[in-house]
1. Filter the stretch 204-216 for residues that are at pLDDT 95 or above and either surrounded by fewer than 16 Cβ atoms within 10 Å (Cβ to Cβ) or outside any loop (DSSP other than H, G, I, E, B) (or both) and give the result.
2. What is the number of the single condition among (1) modelled with pLDDT of 65 or more; (2) part of a loop (DSSP other than H, G, I, E, B) that residue 273 does not meet?
3. Scan the stretch 181-203 residue by residue and report those that are surrounded by 12 or more Cβ atoms within 10 Å (Cβ to Cβ) and assigned to a loop (DSSP other than H, G, I, E, B).
4. Among the residues of the stretch 158-180, write down those that are in a loop (DSSP other than H, G, I, E, B) and either at pLDDT 95 or above or surrounded by fewer than 13 Cβ atoms within 10 Å (Cβ to Cβ) (or both).
5. Please give the number of the condition residue 155 fails out of (1) touching a residue at least 40 places away in the same chain (Cβ under 8 Å); (2) surrounded by fewer than 19 Cβ atoms within 10 Å (Cβ to Cβ); (3) over 17 Å from the mean Cα position of the chain (by Cα).
6. What is the number of the single condition among (1) surrounded by fewer than 19 Cβ atoms within 10 Å (Cβ to Cβ); (2) touching a strand residue (DSSP E or B) at 6+ places or on another chain (Cβ under 6 Å) that residue 101 does not meet?
7. Filter the stretch 139-149 down to the residues that are surrounded by fewer than 22 Cβ atoms within 10 Å (Cβ to Cβ) and touching a strand residue (DSSP E or B) at 6+ places or on another chain (Cβ under 7 Å) and list them by number.
């Protein structure tokens, strides 16, 4: 396990990146790691914890603050990733949550795999097949040939099934209710850099290098397709005289396995850097329409967000370690002043820094959660043994009560996941405490 870097003052206030896996949504990932953070010395604020304990005894303080856990730790994310997507997930803790807006506004990098021949209701593999088209003759050159339409500043219409609000109501609610839109869905300008990095036919025999992705098994019924025709008309009617984009062919039914080649459709992989508000799935969907056969996303990975990147680059981590060590070397005698000056000197937020900080692999947290589960089982057995040996409730509580257990779990060296958080942690500037000590340190 790597050596722990110099540690900012506890409790930590700032940001760190983790590599979200495909499967759970972002909030489920955060909920999974919450117990680790709550039991870690890195995020412990003894004074605040005692105040919180007193406050919750008073009913007027029982309402939880936004982004706060039940123990008072603030935690948030810098841009959600749904179950289909994986990659960079920026986590903000305590005062770091106030800096998450920067990650919502910044450009992001994605790598997406699209499969040809079918559009879906959600523009990805989670939805039902909406329309199909012949893709046998589509080549790598064909895909490259349409990408220019999606480079630079482009105009994009958010999909009807999106959370964008119109008159205070999400678009997807109008779609589900079949109600007319009050006006056209506002077209937004997006800036996109896109390149084709792979084009791959389907696997012929296992292990031949072809892809294994398939279309969704569920196809829409005739009645369900009629509903989507109405949605198309809703969008078109609201748009008025605005130029219409490519339309879907709901009637032609093309089998996934080609009658001509005996193969399933090919996939293409594109790498994109996009501005805020860009619908990445819509770009893959629109590429399919431009090719005349349709396409949908089967894999979506966020590879960069701000200074945080997905790949675990050891060289980048060592450079980050060195920067943290240099910041910690600042000679500040006063403890309170050190907390403010140390966090300020090591922070990269708002400084235009271009450093690269790789994500913590999700496997690190999986191991930590497994270790925690095993520790809890051992503590349970220890409690049972004490009860069987005739120990009194006070004796058991003294050794295995909540406070005793938390103190025990915080003993010893930092755990693997704590070391990895510190290696990647970006502290944020803390407000200057205006007292005699900070004035003497020249902080204001």
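The values are calculated or read from the model by the stated rules, or taken from the named source; none is laboratory data. Values in this document were obtained by computation on a predicted structure and should not be read as measured data. Here the Cβ positions follow ideal geometry from the backbone for every residue, glycine too, while neighbour counts run over all protein chains shown.
1. Passing the criteria: 211, 212, 214.
2. (2)
3. Scanning the stretch 181-203 gives 181, 184, 185, 187, 201, 203.
4. 163, 167, 168, 178, 179, 180
5. Just one mismatch for residue 155, condition (1).
6. With (1) surrounded by fewer than 19 Cβ atoms within 10 Å (Cβ to Cβ); (2) touching a strand residue (DSSP E or B) at 6+ places or on another chain (Cβ under 6 Å) applied to residue 101, the lone miss is (2).
7. Those that are surrounded by fewer than 22 Cβ atoms within 10 Å (Cβ to Cβ) and touching a strand residue (DSSP E or B) at 6+ places or on another chain (Cβ under 7 Å): 140, 144, 147.
Each row is one residue, and each column tells you yes or no for (1) over 27 Å from residue 186 (Cα atoms); (2) touching a residue at least 40 places away in the same chain (Cβ under 8 Å); (3) surrounded by fewer than 17 Cβ atoms within 10 Å (Cβ to Cβ); (4) over 33 Å from the mean Cα position of the chain (by Cα).
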residue: 220; (1), (2), (3), (4): yes, yes, no, no
residue: 228; (1), (2), (3), (4): no, yes, no, no
residue: 247; (1), (2), (3), (4): no, no, yes, no
residue: 269; (1), (2), (3), (4): yes, yes, no, no
residue: 278; (1), (2), (3), (4): no, yes, no, no
residue: 282; (1), (2), (3), (4): no, yes, no, no
residue: 285; (1), (2), (3), (4): no, yes, no, no
residue: 292; (1), (2), (3), (4): no, yes, yes, no
